[in-house]
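The structure appears right after this line, and notes come after that.
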Amino acid sequence: MEAIITVVGFLGAGKTTLLKHLIEKFSSNGWSPFVILNDYENANMDAQQFAKQIALKNIKPLSGSCICCTGIVELRNTVNRIPERVHGVTLIEANGTSDACSLMEFLGVGINDRFLPPIQISVVDVKNWQKRGEHNELEANQIQVSSLLVLTHLEKIHENRKNQVIDELKTLNPMAKIVTIESLDVLLLPELVPSKNSSQKFDHQKAHWSSCSIDLPVLPNEKSIHDICHALPKSILRVKGCTTIGNAKEYVFFERTPDGTVCIRPFNGVPITGSKLLTIGPGSQPSLLQKTVETILLID
């Protein structure tokens, strides 16, 4: 039977980094992963970033829906249509605002018999854990029904802070195993069982945030990317996109994480939808994005 492993975690916690690690380790050990990516806007952009690790035919992007509620039927149908493979394993990356308890409750209903009951991994950003203000409840919700908690963003973190976060995680979910990416043995993941930990009731609507995207022109330099990202209000918790810079033909991918850090890296190939700027979080409106880009380009 084939294992289904869902990866959840707050925006910027490191889900994609963990997913790339899982793909690499499973593939190098003779497994055949199939990956499902869920995002509010343009999951195809994220899918292309895995093309060097796994064939695009084994990646299914799901955009514009919340897989823990309105998109759950599409998710189930996608899983049930996955081709059978020798040593198959299905990896699902949920969007950063998923109601993880609802996702685990609904996903296992209607899945074909060839799949094992879904298990969940939560990615926990130790640096920013429970520093999300009004979103702390959502972040805590995401770890309550997980079988495994993976700690990330441990760079320059004091041991006291790490131990404090671990203690809080154990209080919320005493049954989950807690590891770092470096100590994670992926070959044991298919043997995990669904969490039996009870979860606290969560207002599902708190997980529903606004999102939008606009086309981006060619930008004059990398400074323009930093300026655009920093000009957008902090209420917008995730900013990402892809574009070309100056006369360069190659595309770059960029993102602003919830703590304000801006990262720029090469994009794999040419984006299917062209250059885009995407945002997730309260205040996401196309008119705001368009005005911000136009203002920065006038300055730069």
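Rule-based calculations on the coordinates, nothing more; no lab input. None of these values were measured; they are calculated from a predicted model. Ideal geometry is used to build each Cβ from the backbone, glycine not excepted, and the neighbour counts take in all protein chains shown.
With +1 on each Lys and Arg Cβ and -1 on each Asp and Glu Cβ, and nothing else charged, work out how big the dipole of the chain is about its Cα centre, in Debye to the nearest 20.
With only Lys, Arg, Asp and Glu charged at Cβ, the dipole is about 180 debye.
Given a Förster distance of 22 Å, report the FRET efficiency between Q285 and V73 from their Cβ-Cβ distance, rounded to the nearest 0.05.
After rounding, the FRET efficiency stands at 0.15.
Alpha-carbon geometry of region 209-299: the Rg and the Dmax are 12.1, 36 Å, given in that order. Summing +1 for each Lys or Arg and -1 for each Asp or Glu, what net charge is found among the other residues whose Cβ lies under 15 Å from the Cβ of N173? So the environment of N173 carries a net charge of -1. Quarter the surface of the alpha carbon convex hull of region 97-198 and you get the mean projected area, 7.1 square nanometres. In the neighborhood of I82, defined by Cβ-to-Cβ distances under 10 Å, what is the net charge if each Lys or Arg adds +1 and each Asp or Glu adds -1? Residues close to I82 contribute a combined charge of +2. Summing charges over neighbours of P233, with a neighbour being any other residue whose Cβ is under 13 Å away from its Cβ, gives +4 when K and R count +1 and D and E count -1.
Stretching the chain fully between H226 and R161 yields a gain of 20.4 nm (0.36 nm per residue, less the alpha carbon separation).
Counting only DSSP beta bridges with both residues in the chain, the antiparallel share comes to about 40 percent.
Ranked by the mean number of other Cβ atoms within 10 Å of their residues, highest first, the peptides 30-39, 210-219, 264-273 come out as 30-39, 210-219, 264-273. Here region 13-150 is treated as an ellipsoid with the same Cα gyration tensor; its semi-axes, largest first and in whole Å, are 23, 18, 15. When the P(r) is computed for the chain, the part past 30 Å accounts for 31% of the Cα-Cα pairs.
Measuring r between the beta carbons of K52 and V262 and using R0 = 25 Å, the FRET efficiency lands at 0.60. Based on Cα contacts under 8 Å between residues 6+ apart, region 3-206 shows a relative contact order of 27 percent. Taking +1 at the Cβ of each Lys and Arg and -1 at the Cβ of each Asp and Glu, which of Q144, T17, N197 sits farthest along the dipole of the chain towards its positive end, judged by Cα position relative to the Cα centre? Result: T17, furthest along the dipole toward the positive end.
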